[in-house]
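Colleague: If you scroll down you'll find the structure; I have some questions about it.
The values are calculated or read from the model by the stated rules, or taken from the named source; none is laboratory data. Bear in mind the structure is a predicted one, so any value in this text is a computation, not a measurement. Neighbour counts are summed over all protein chains in view; Cβ atoms, including those assigned to glycine, are modelled from backbone coordinates with ideal geometry. Side chains are part of the model used for accessible areas, which takes the heavy atoms of the whole protein and leaves out ligands, DNA and RNA. Shrake-Rupley method; radii C 1.70, N 1.55, O 1.52, S 1.80 Å.
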Amino acid sequence: MQASQGPQRPCGVHKLYNQPMQQVQQYYTPCHASDNSNFNDGSNSGTEVSLKTQNEKFFTMDSFPATDCAIYDADPSVSVSSNRSPFSPQCSQSNMFEQRRSYENTSGSPVSLCSGVDDSNGKKHELRELNNNLLRPESDIDDSCSCSLNGVVSKHFSLTRQNQVLDVASRLDLKELLVACAEAVDEADTSTAEVLMNVLEKRVSVSGEPMQRLSAYMLEGLKARLLSSGSNIYKKLKCNEPTSSELLSYMQVLYHITPYFKFAYMSANVVISEAMKNENRIHIIDFQIAQGSQWMFLIHYLARRPGGPPFLRITGVDDSQSAHARGGGLQLVGERLASIAKSCGVPFEFHNAALSGCMVKLENLRVRHGESLAVNFPYMLHHMPDESVSTMNHRDRLLRLVKSLSPKIVALVEQEMNTNTAPFLPRFRETLDYHKAMFESVDVTRPRNDMQRIRSEEHCIARDVVNLIACEGADRVERHEVFGKWRSRLLMAGFTPCPLSPSVAETIKVMLKEYSSNYRLAESQGALYIGWNNRALATSSAWQLPHSLPLGS
């Protein structure tokens, strides 16, 4: 899609989002909720495009056609005040030209990974030395001492070997140390892993720099994996959730200080409203409705539609986390939306589908003849297990079910992260790189000792990190795919990509003026990407059946 040729005044759909709405409880969809130095959509390899703003290269986007890539930057005059100095070199983005390798071969799509190790400072050699020289066969290890972790006795480990590992570890930065520890865990080298974990313990902090905070949670994931207790740790975290009011408060903190959730519902609302502009009866199926606040904005927009508002019916699919955050079932969402619709004069009906996406069947959705259908997937499909987990393949089953409903438009927002079928080490690096960017973006908005921020990261992000690192099989519910793979999956299900109108990007550009100028927007292959500096974090796209009319027609 070609970029709009110049700045536009807020108008039409996106004008709605500049209106204060005090009665709207803020919407949040958990980011299940990583330093690849490029926006990689996982599509066929090809042209590499350099993105520049104010004559500076910020990042490159592998596989993006140069003739089909539009870049949007936040207003450089807009900044977020902070009482801290800029990020230390330890937290800076990795060299974008680091060696990469493909760990998944899906539809010939290369997936890039950064090792995070810079050849120029010799640390990569030291890591190789750690792996090749220090980790000698067990027959080379004397029995003078042993190390333990949480009461679990490790392999015998000599003081000399221990000191050698400590010497190398002392010269590694935090990211390199985490990767070295993950490699030891992956190789079942408990002795080395324990020594490195002891070093990490002294260098991580939930109130420190972004990398220190993220490392604290990644370390917990590594410990759980080493002790083969990943699933138990994850389930324990879920059982010890804060009260509903506390969790909602933590979610709202993330909603306000980051744009990722607004990106999801604003882009989807523009897509749906444009597709439905001539329809008199609209049915929206939201597969993760959460608080339902996304649709309050849409109701206000529909109320001002020329010729009068249409009839609107919303089916809300629920999950246990959303119900816990709300402090009640979906009837609370229905009551809130019905009240807003009544005050706006919009004919409205709400259908409660209180079950997870894996359990949804045709009869749960109550599709009616004569209604124009829109389907919303906000940060949700990556929780559906696919063929790599179960023969049921709920991910593709749900897409085929949606296709059978003949929707006019499908809105998809997902994290740009490649963790679904990746082996442990590539998945660890991807998790590290992705969340490093996310923690950096949070860091510019709140003091590092701010307890609301600490609790928000702990309860809304750390659980996902632990699940990605410590769990396998059906217990690992965080299974993200990059846009190129979602594209292939939806094409195979019978959908075609629907080009986004310029107003979608313009809406997000207006929204991003409230945030740091380090946020980036880019378009490619019909998808809109949002990222922090040189790392893509989420994509928004629209899909339709071949017989559907394009948006804006």
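Colleague: When only alpha-carbon atoms are used, what values of Rg and Dmax, in angstrom, describe segment 269-327?
Modeller: In Å, with Rg to one decimal and Dmax whole: 12.8, 40.
Colleague: When ligands, DNA and RNA are left out and all protein chains stay put, how many square angstrom of accessible area per residue does segment 247-327 have with a 1.4 Å probe?
Modeller: 24
Colleague: Between Gln164 and Ser249, what is 0.36 nm times their sequence separation minus the Cα-Cα distance? Round to one decimal in nm.
Modeller: 26.0 nm
Colleague: Considering only the other residues whose Cβ falls under 12 Å of the Cβ of Leu401, what net charge follows from Lys and Arg at +1 and Asp and Glu at -1?
Modeller: +3
Colleague: Quick check: net charge around Pro502, other residues with Cβ under 12 Å of its Cβ, Lys/Arg +1 and Asp/Glu -1?
Modeller: Counting the neighbours of Pro502, the net charge comes to -2.
Colleague: Hey, another quick one. Compute the length gained on full extension between Ser488 and Lys361: take 0.36 nm times their separation in residues and subtract their Cα-Cα distance, giving the result in nm to one decimal.
Modeller: Stretched out fully, the Ser488 to Lys361 stretch lengthens by 43.4 nm.
Colleague: Return the tail of the calculated pair distribution for segment 400-553, meaning the percent of Cα-Cα pairs more than 28 Å apart.
Modeller: Summing the P(r) tail past 28 Å for segment 400-553 gives 31 percent.
Colleague: From the C-alpha coordinates alone, can you work out the Kirkwood hydrodynamic radius of segment 414-481, in Å?
Modeller: It is 12.8 Å.
Colleague: Just flag the trypsin sites (Lys or Arg not before Pro) in segment 247-344 sitting in loop per DSSP whose Cβ has no more than 16 other Cβ atoms within 10 Å.
Modeller: The qualifying sites are Lys277, Arg304.
Colleague: So which of Lys262/Lys342; Lys485/Lys513; Lys202/Lys223; Lys262/Lys513; Lys342/Lys513 end up more than 21 Å apart, counting from Cα to Cα?
Modeller: Too far apart for the 21 Å limit: Lys262/Lys342; Lys485/Lys513; Lys342/Lys513.
Colleague: Got a sec to turn the phi values of segment 218-225 into Karplus ³J(HN,Hα) couplings, 6.51 cos²θ - 1.76 cosθ + 1.60 with θ = phi - 60°, whole Hz, x for Gly and Pro?
Modeller: The phi angles translate into 5, 4, 4, x, 5, 4, 5, 5 Hz.
Colleague: Next question, about the same structure. For a protection proxy built on the mean count of beta-carbon atoms within 10 angstrom, sort 174-185, 447-458 highest first, please.
Modeller: 174-185, 447-458
Colleague: Same structure again: Over the Cα atoms of segment 177-324, compute the convex hull volume and normalise it per residue, giving Å³.
Modeller: So the per-residue hull volume is 153 Å³.
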